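The values are calculated or read from the model by the stated rules, or taken from the named source; none is laboratory data. Predicted model only: the values in this text are computed from it and were never measured. Note that we place each Cβ from the backbone using ideal geometry, even for glycine, and neighbour counts take in every protein chain shown.
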Amino acid sequence: MTHHNFGGDWTTEKLERIRKYLSAYMMIFSRNKRAQNLTPIYIDAFAGTGYRTISHPHKEIGVPLPELTETDNEEFLKGSARIALEIEPPFKRYIFIERDRHRANELENLKAEFSQMRSSIEIIIADANTYLKQWCARMTDRMRSVLFLDPYGMQVEWSLIEMIAKTKKIDLWILFPLGIAVNRLLTRASLPPEQWAQTLTRIFGTEEWKGYFYPQRKVTTLFGEQEQQIREADYNRISEFFIMRLKTIFPAVAENPLPLLNSRNNPLYLLCFAASNPRGAPTAVKIAQDILGKS
Ligand SMILES: C[S@@+](CC[C@H](N)C(=O)[O-])C[C@H]1O[C@@H](n2cnc3c(N)ncnc32)[C@H](O)[C@@H]1O
């Protein structure tokens with residue numbers, strides 16, 4: 001078994017929100033007569049292995065255990081793919097996308113474990129952006145989907161989010177890399193260097209972030225008053241901008257995205273929700289906001 005060690009308490013918080021939404025989605029779907037001809041599909045685009053491990057440092061146990069290796073002291077928890085497979089009633093199809101071949105192999109084990117659903121599970125070894133763009137273009141009218149984008153960093157391009165919105169059939173949960181990446185690229189003294197700026201433009205899908213995070217201000221220098229672009233971007237402002245961007249392309253977006261905090265209370269990620277189906281969006285967002293608002 002390859003180790004897939006990531007996240008802390010915030011990971012549990014994140015996955016619990018996803019579990020609740022998937023459960024509510026399938027409950028409503030199964031009770032809706034009009035939905036009987038539709039195929040509900042769960043897509044996990046950064047699927048991992050199906051489980052995650054947390055290492056407990058020996059000192060946390062309170063007794064010296066020198067004979068134990070790190071592995072002895074690891075706890076195995078469910079990852080998003082496994083959580084999705086346990087939802088009742090189940091989705092008709094599960095698509096797990098994972099770029100890493102070894103992790104994708106681990107996902108294959110889920111087919112044996114959930115053998116009665118084996119034929120509903122597709123494991124795709126691919127880059128999520130490339131595969132999903134093609135998949136969105138191929139989606140038929142009969143399909144409806146919940147898509148979870150759970151990257152480590154800045155892997156999700158805005159051009160993909162646009163394609164998702166255009167389908168009008170996908171409910172999107174996305175982990176936005178607020179503190180882990182974006183905040184770090186927004187340099188303090190002046191606009192970020194060109195390569196970083198391009199990365200930010202790729203994630204926001206516009207250069208408007210420059211004016212939003214670095215407004216022109218008059219500053220007094222040794223040579224008199226000068227116009228300068230000074231960073232005015234805290235975590236709230238960055239979150240606000242990303243939600244504003246989502247609102248430009250989705251009919252409804254949850255107003256209370258959840259900051260996922262590290263042990264020092266700094267945001268690592270922002271868990272966001274957007275619904276693309278104009279008819280279902282108000283209900284979907286109401287449910288998501290409720291789930292996001294509860295601990
Ligand atoms: C945070 S982990 C996902 C955890 C998973 N959602 C869970 O709860 O168990 C991110 C995963 O995305 C994979 N990954 C990274 N870049 C990718 C890409 N461009 N396309 C597809 N998968 C990618 C990594 O190999 C890693 O397994």
Which pairs have Cβ atoms under 6 Å, sit 6 or more apart or on different chains, and link a residue in the range 202-223 that is surrounded by 13 or more Cβ atoms within 10 Å (Cβ to Cβ) to one that is of a type in the set (S, T, N, Q) and not in a loop (DSSP other than H, G, I, E, B)? Tyr214/Gln229
Which condition does Cys136 not pass, out of (1) more than 9 Å from the ligand (Cβ to nearest atom); (2) out of contact with any Ser or Thr (no Cβ under 6 Å at 6 or more places or on another chain), if it passes all the others? (2)
Subset of the range 183-208, residues part of a helix (DSSP H, G or I), farther than 23 Å from Ser276 by Cβ and of a type in the set (A, V, I, L, M, F, W, C), comes to Leu185, Trp196, Ala197, Leu200
Do we have Thr187 as in contact (Cβ under 8 Å) with a residue 12 or more places away in the chain, of a type in the set (Ser, Thr, Tyr) and touching a helix residue (DSSP H, G or I) at 6+ places or on another chain (Cβ under 6 Å) here? no
When (1) at pLDDT below 95; (2) surrounded by 18 or more Cβ atoms within 10 Å (Cβ to Cβ) are applied to Ile180, the one that fails is (1)
Could you tell me which numbered condition Ser159 fails, if it satisfies all but one of (1) in a helix (DSSP H, G or I); (2) crowded, with 17+ Cβ neighbours inside 10 Å? (2)
Please specify each residue of the range 133-156 satisfying the condition of being free of Cβ contacts under 8 Å to residues at least 40 places away in the same chain and in a helix (DSSP H, G or I). Lys133, Gln134, Cys136, Ala137, Arg138
Residues in the range 212-220: is at least one in a helix (DSSP H, G or I) and in contact with a Phe, Trp or Tyr (Cβ under 8 Å, 6 or more places away or on another chain)? yes
Within the group Ile164, Ile97, Ile174, Ile124, which residue is without any contact (Cβ under 8 Å) to a residue 40 or more places away in the chain and touching a strand residue (DSSP E or B) at 6+ places or on another chain (Cβ under 6 Å)? Ile124
Can you report the number of residues in the range 87-104 which are in a loop (DSSP other than H, G, I, E, B) and within 13 Å of the ligand (Cβ to nearest atom)? 2
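It is to be established whether one or more residues within the range 235-249 are buried (at least 17 other Cβ atoms within 10 Å of the Cβ), modelled with pLDDT of 95 or more and part of a loop (DSSP other than H, G, I, E, B). Spell out how you get there, then give the answer.
To start, the set of residues in the range 235-249 that are buried (at least 17 other Cβ atoms within 10 Å of the Cβ) comprises 238-239, 241-243, 245-246, 249.
If we keep only those that are modelled with pLDDT of 95 or more as well, we get 238-239, 241-243, 245-246, 249.
Okay, now just the ones that are also part of a loop (DSSP other than H, G, I, E, B), so 249.
Yes, there is a match, as at least one residue in the range 235-249 is buried (at least 17 other Cβ atoms within 10 Å of the Cβ), modelled with pLDDT of 95 or more and part of a loop (DSSP other than H, G, I, E, B).
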By residue number, the members of the range 101-121 that are surrounded by 15 or more Cβ atoms within 10 Å (Cβ to Cβ) and of a type outside the set (S, T, N, Q) are Arg103, Ala104, Glu106, Leu107, Leu110, Lys111, Phe114, Met117, Ile121
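So that you can scan it fast, the table gives a plain yes or no per residue for (1) closer than 23 Å to Lys294 by Cβ; (2) surrounded by fewer than 13 Cβ atoms within 10 Å (Cβ to Cβ); (3) modelled with pLDDT of 95 or more; (4) away from the ligand (no atom under 12 Å from the Cβ):
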position: Glu16; (1), (2), (3), (4): yes, no, yes, no
position: Met26; (1), (2), (3), (4): yes, no, yes, yes
position: Ala47; (1), (2), (3), (4): no, no, yes, no
position: Arg52; (1), (2), (3), (4): yes, no, no, no
position: Pro57; (1), (2), (3), (4): no, yes, no, yes
position: Pro64; (1), (2), (3), (4): no, yes, no, yes
position: Thr69; (1), (2), (3), (4): no, yes, no, yes
position: Glu75; (1), (2), (3), (4): no, yes, no, yes
Can you find a residue in the range 161-168 that is more than 29 Å from Ala233 (Cβ to Cβ), among the β-branched types (Val, Ile, Thr) and within 15 Å of the chain's Cα centre (by Cα)? no
In the range 105-132, how many are hydrophobic (A, V, I, L, M, F, W, C) and either part of a helix (DSSP H, G or I) or closer than 22 Å to Ile54 by Cα (or both)? 6
